[in-house]
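The structure appears right after this line, and notes come after that.
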Amino acid sequence: MKLSSLVGFLILFILVVSCKDEPVIPKPKAKMRLEYPQGKLADLETENFSFKYNQLATAEPNGDRAYTISYPDMKGAIFLSYKKIEGNLSQLINDSKRLSYEHASKADNIVEQPYVNPNEKIYGALFEVQGNAASQSQFFVTDSTEHFLTGSVYFYTKPNYDSILPAAAYLQNDIRGIIETLRWKK
């Protein structure tokens, strides 16, 4: 009887001493961390424009005045399309914006970021599409007199914004690099 009383007292003592008035905080769920290497830059030269792109990607022509910059490790690509301006600049800009905003039904938000570089005569906008849309980023750039280039990012998978966010951010950064290094040819 003495032994069972001693064991009971010892257990009660341990419980009282170990209890604290701090709130219980659950452990956060682990999140996968995706990091992609920073690639060196390669040149893409066409008859109408040139720019630098990430060498970890492969760039190839995709039809008449269209190009695909593929990222096989991310299962994604940037699709580019070039058009000559023939008095239809307003129509080209409206078509590009309409294409971007067609994703509004699936998107949580669309952030339009204007781009202006008067020294190189490059004017345009980058559209960041947030949410489960088919394309996470789209852009257009023009010199407003002769050249018009559009681009969009697509992944070869069902859109799940949370899962592709690191890859989408990486490709969006590459798009900024393309826009910043773009040069029109006369």
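Read the figures in this text as sums done on the coordinates, not as results from a lab. No experiment lies behind these values; they were computed from the predicted model shown. Here the Cβ is made from the backbone with ideal geometry for all residues, glycine too, and neighbour counts use every protein chain on show.
Would you mind checking region 112-152 for residues with the amide N under 15 Å from a putative spin-label position 7 Å along Cα→C-beta of residue 86?
146-148
Ordered by packing density, taken as the mean number of other Cβ atoms within 10 Å over each peptide's residues, highest first, how do 108-120, 164-176, 53-65 rank?
Output ranking for 108-120, 164-176, 53-65: 164-176, 53-65, 108-120.
So how do 132-141, 90-99 stack up, highest first, on mean other-Cβ count within 10 Å? Numbers along the way, then the final one.
Working: 132-141: 22.8, 90-99: 14.5.
Taking the mean over residues of other Cβ atoms within 10 Å, the ranking is 132-141, 90-99.
Taking 0.36 nm per residue of sequence separation and subtracting the Cα-Cα distance, how much length would be gained by fully extending the chain between residue 186 and residue 105, in nm to one decimal?
That works out to 25.2 nm of additional length.
Sorted by packing (mean other beta-carbon atoms within 10 Å per residue), highest first, where do 121-127, 81-87 land?
Numbers: 121-127: 19.3, 81-87: 13.4.
Listed from highest to lowest mean packing, they are 121-127, 81-87.
Can you compute the modelled spin-label distance between residue 35 and residue 68, with each label point 7 Å from Cα toward Cβ, in nm?
Result: 3.1 nm between the two label points.
Please list 3J(HN,Hα) in residue order for region 84-100, calculated via the Karplus relation 6.51 cos²θ - 1.76 cosθ + 1.60 where θ = phi - 60°; whole Hz, with x for glycine and proline.
Those phi angles translate into 7, 7, 10, x, 10, 4, 4, 5, 5, 5, 4, 5, 5, 5, 4, 4, 5 Hz.
Just report the Cα centroid separation between region 34-53 and region 88-163, whole Å.
When both Cα centres are located, 19 Å separates them.
Under a point spin-label approximation (7 Å from Cα along Cα-to-Cβ), what is the residue 145-residue 173 distance to one decimal in nm?
For residue 145 paired with residue 173, the spin-label model returns 3.6 nm.
HN-Hα J couplings of region 161-167 from phi, Karplus 6.51/-1.76/1.60, θ = phi - 60°, integer Hz, Gly and Pro as x?
3, 4, 6, 9, 3, x, 5
Quick one: how many lysine pairs in region 42-184 have C-alpha atoms under 25 angstrom apart, if they're 8 or more apart or on different chains?
Pairs that pass both the separation and distance tests number 15.
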